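FYI, it's all coordinate maths here, none of it is from the lab. Predicted model only: the values in this text are computed from it and were never measured. As a convention, Cβ positions derive from the backbone with ideal geometry for all residues, glycine included, and neighbour counts pool all protein chains shown.
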């Protein structure tokens with residue numbers, strides 16, 4: 001993973017919504033380095049989406065500063081828009097084409113790319129996401145998981161350096177969720193795509209996160225670190241309205257019974273830890 005410089009910097013921003021709700025995203029500075037997979041974990045309403053909207057220039061802070069690729073997105077998003085892809089929480093808001101193919105083709109054509117080249121770009125992302133069987137379908141008739149894939153394809157067709165995803169797993173079945181995680185991890189590993197993702201599904205964090213932020217209240221960023229650091233530090237995540245990952249609870253329970261297999265956070269780590277202790281016990 002390449003981390004040669006900061007591509008996102010947020011310094012204590014304040015936003016006031018029309019109904020006078022005030023969200024102050026402060027505490028720690030929010031920093032993302034190139035090539036990182038960054039997750040923001042927190043309960044609904046804590047300010048995660050507000051933060052992302054500032055990164056996209058949709059909202060402009062009343063106080064504080066936001067920099068994405070060195071520019072203020074609220075004033076100069078046009079300078080960086082080709083570098084940034086986004087998947088919204090409600091993908092129906094961002095799918096514009098009547099068919100899957102039309103929607104994926106929309107972005108390159110909108111940027112003035114010649115149709116033949118735009119079609120070639122669309123073909124690459126359709127193959128990558130296995131959307132060939134549904135590319136001629138009308139988007140409204142797709143399942144929730146298929147719509148998420150179409151939205152992701154639309155975000156990826158311009159080959160962005162940064163991908164911003166707001167609760168992308170909401171409403172997905174377990175298999176669709178697994179496929180989505182795999183696709184994102186491959187993009188990060190193969191293309192070096194940086195991504196920022198908001199979550200409340202704690203069990204997904206270890207599978208797709210290098211750096212984890214915890215947010216609570218109305219925008220308080222209180223913790224930053226690797227998932228194992230964060231989950232190992234807290235005896236109780238209830239102050240964030242969160243539960244510990246299932247594996248963390250399991251292996252803590254085993255420790256209480258005198259069976260110390262370490263603190264694995266992923267299934268593959270858990271298997272290796274148990275196998276190691278089993279082999280040692282037999283040998």
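Please work out the FRET efficiency for the pair residue 20 and residue 250, using the Cβ-Cβ distance as r and a Förster radius of 30 Å; give the result to the nearest 0.05. With a Förster radius of 30 Å, E is 0.10. For the chain, the longest principal axis of the C-alpha atoms and the axis of helix 174-186 are separated by about 80°. One Cα centroid belongs to the stretch 48-73, the other to the stretch 95-149; the line between them spans 28 Å.
What is the calculated FRET efficiency for residue 218 to residue 182, with r their C-beta to C-beta distance and R₀ = 35 Å, to the nearest 0.05? Between residue 218 and residue 182 the formula returns 0.55.
Stretching the chain fully between residue 281 and residue 28 yields a gain of 86.6 nm (0.36 nm per residue, less the alpha carbon separation). In terms of surrounding Cβ atoms within a 10 Å radius of their Cβ, 31, 80, 197 rank from fewest to most as 31, 80, 197.
Fully extended, how many nm does the chain gain between residue 43 and residue 124 (0.36 nm per residue separation, minus their Cα-Cα distance)?
25.5 nm
Where a ≥ b ≥ c are the square roots of the eigenvalues of the C-alpha gyration tensor, would you call the chain rounded, which needs a/c under 1.5, or, failing that, prolate if a/b is larger than b/c, or oblate? The shape class here is oblate. Helix 144-156 against the longest principal axis of the chain: what's the angle in degrees, Cα atoms only, rounded to the nearest 10? On a 0 to 90 degree scale, this one is about 70.
With neighbour counts taken as other beta-carbon atoms within 10 Å, the residues 198, 246 rank, fewest first, as 246, 198.
Stretched out straight at 0.36 nm per residue, the stretch from residue 241 to residue 79 would grow longer than its current Cα-Cα span by 54.5 nm. Structure remark: mean-square fluctuation, Gaussian network model of the chain, C-alpha springs under 10 Å; the largest value among 267, 40, 211 belongs to 267. Calculated [222 nm] ellipticity per residue, helices only, for the chain: -10500 deg cm²/dmol; basis is -39500 (n - 2.57) per DSSP H run with n ≥ 4, divided by all residues, nearest 500. With neighbour counts taken as other beta-carbon atoms within 10 Å, the residues 218, 54 rank, fewest first, as 218, 54.
Applying 1/(1 + (r/R0)^6) with r as the Cβ-Cβ distance of residue 93 and residue 60 and R0 = 25 angstrom yields a FRET efficiency of 0.80.
When only Cα pairs below 8 angstrom with a gap of at least 6 residues are kept, the stretch 6-244 shows a relative contact order of 29 percent. With contacts taken as Cα pairs under 8 Å at a separation of at least 6 residues, the stretch 1-123 carries a relative contact order of 21 percent. Compared with the dominant Cα axis of the chain, that is its longest principal axis, helix 100-110 is turned about 70°.
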